Amino acid sequence: MHRIFLTLFFICCGAVSYNGLSAQGNLATGDKHPVPESDLWLTYSGSGGAGQGKHVVLIAAEQEYRCEQAMPMLAKMLSTHHGFDCTVLFSMNENGEVDPTLEAPFKDKAKRHSIPGLKYIADADCVIWLSRFMQLPDGQMKHFHDYFDSGKPLIALRTANHGFYGGKRYAVNGKAVSLREMLGGTFMGHHGGWHRESTRGIVVPKNKTHPILTGVTDIWGTSDVYRCHKDMDSFPDDCTALVMGQPLINLEQDAPANNKKEPLPVAWTKTWTGNKGLSSKIFHFTMGSAEDFENEGVRRLTVNAVYWGLGLVRQIKPDSSVEIIGDYKPLKPGFNYEKLGVKPRKPSFYK
């Protein structure tokens, strides 16, 4: 009778849970997702785990590496396996469609891009950011700048180090700050062969015990190694290299190394202090195409970086799940959109 009474009590309170979810579909605590549902972005509610109560915003805003497929996949994995509430924001056209075909404003300096929902990064606990040559309205740029000052973690992937083109400049104490300075490096050219040579990640031996490398045994992807540093702009003293990228001779995982090209840093950490004097943990990973994320090591590095950035280091487990949920068939990278099957689509397509 006592058990029946308790069951009836919880039903009446709406608190019956199944696998951590309430009967209404929210977390068992009754918390709602911190961002309202919309046709302009995607939301994923955490289903219990170390990330419960934390909100991760993922920004998909580039034209080459199919992040519109990768970011929803990551969000689904982070919410289902790790309990984070996740929101995916996209670069969109005026028809309310996710549009990777919108060109960078190299020729049309008056052109502006748009990422609806950027205001929600103000209350995010962590941001995973992948953009490429976005020229955004000043109001949207301010949301980025405010986050850079927030003291909260930032995970910058692939093209984020050349994520903006023109627009309102970020400044600290009145001095303009480049993405190279904030992230610890910027795109200076393709060290590996562009769309011809893949990358094998090599863990830096002296830093192999870093929490982000927990459980990482294999790192490979079809994206090439970026050169982010040169003699006059060498690898910064305030950065810690975790992974070096060795160019391979082709796009096959078992391809030999291109021994004419030395390994260069592709993943590192640092801290950034903005206008409020607050220190943000930065993880910059210059891999991160949608195809790269088919590799378990690439996924695990990124997931571990979220935990590290949020101060959840003790919760990082070498065998935690980074399995992809559902079908994940990323399209090839590149700009030949018609041939590759890339076209504007509603956000719901990527859910």
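The values are calculated or read from the model by the stated rules, or taken from the named source; none is laboratory data. Quantities reported herein were computed from a predicted structural model and do not represent experimental measurements. Quick reminder, even Gly has a Cβ in these numbers, built from the backbone with ideal geometry, and neighbours come from all protein chains shown.
Key figures for this structure:
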read-out	value
Filtered residues of region 80-119 (kept if modelled with pLDDT of 95 or more, touching a Phe, Trp or Tyr at 6+ places or on another chain (Cβ under 8 Å) and more than 27 Å from Gly326 (Cα to Cα))	Leu118
All positions within region 312-351 that are touching a strand residue (DSSP E or B) at 6+ places or on another chain (Cβ under 9 Å) and either without any contact (Cβ under 8 Å) to a residue 40 or more places away in the chain or surrounded by 10 or more Cβ atoms within 10 Å (Cβ to Cβ) (or both)	Pro344, Arg345, Lys346, Pro347, Phe349, Tyr350, Lys351
Residue check, Arg200 modelled with pLDDT of 95 or more, more than 20 Å from Val127 (Cβ to Cβ) and surrounded by 18 or more Cβ atoms within 10 Å (Cβ to Cβ)	yes
Filter result for Asp238 (farther than 17 Å from Thr302 by Cβ and modelled with pLDDT under 95)	no
Residue match in region 47-56 (condition: among the charged types (D, E, K, R), within 21 Å of Arg169 (Cβ to Cβ) and at pLDDT 95 or above)	no
Test for Thr222: is it touching a helix residue (DSSP H, G or I) at 6+ places or on another chain (Cβ under 7 Å), of a type in the set (Val, Ile, Thr), farther than 29 Å from Asp149 by Cα and surrounded by 22 or more Cβ atoms within 10 Å (Cβ to Cβ)	yes
Ala267 vs. criteria of a type in the set (Gly, Ala, Ser), under 15 Å from Met182 (Cα atoms) and outside any loop (DSSP other than H, G, I, E, B)	yes
Residue in region 61-71 that is nearest to the chain's Cα centre (by Cα), counting only those that are in a helix (DSSP H, G or I) and buried (at least 24 other Cβ atoms within 10 Å of the Cβ)	Met71
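Here's the yes/no breakdown for (1) at positive phi; (2) surrounded by 21 or more Cβ atoms within 10 Å (Cβ to Cβ); (3) in contact with a Gly (Cβ under 7 Å, 6 or more places away or on another chain); (4) not in a helix (DSSP H, G or I):
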| site | (1), (2), (3), (4) |
| --- | --- |
| Thr271 | no, no, no, yes |
| Asn275 | no, no, no, yes |
| Ala290 | no, yes, no, yes |
| Leu301 | no, yes, no, no |
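Conditions tested, residue by residue: (1) crowded, with 18+ Cβ neighbours inside 10 Å; (2) more than 17 Å from the chain's Cα centre (by Cα); (3) under 30 Å from Asn250 (Cα atoms); (4) touching a residue at least 12 places away in the same chain (Cβ under 8 Å).
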{"site": "Tyr120", "(1), (2), (3), (4)": "yes, no, no, yes"}
{"site": "Trp129", "(1), (2), (3), (4)": "yes, no, yes, yes"}
{"site": "Gly139", "(1), (2), (3), (4)": "no, yes, no, no"}
{"site": "Phe144", "(1), (2), (3), (4)": "yes, no, no, yes"}
{"site": "Tyr165", "(1), (2), (3), (4)": "no, yes, no, yes"}
{"site": "Arg169", "(1), (2), (3), (4)": "no, yes, no, no"}
{"site": "Asn173", "(1), (2), (3), (4)": "no, yes, no, yes"}
{"site": "Gly184", "(1), (2), (3), (4)": "yes, no, yes, yes"}
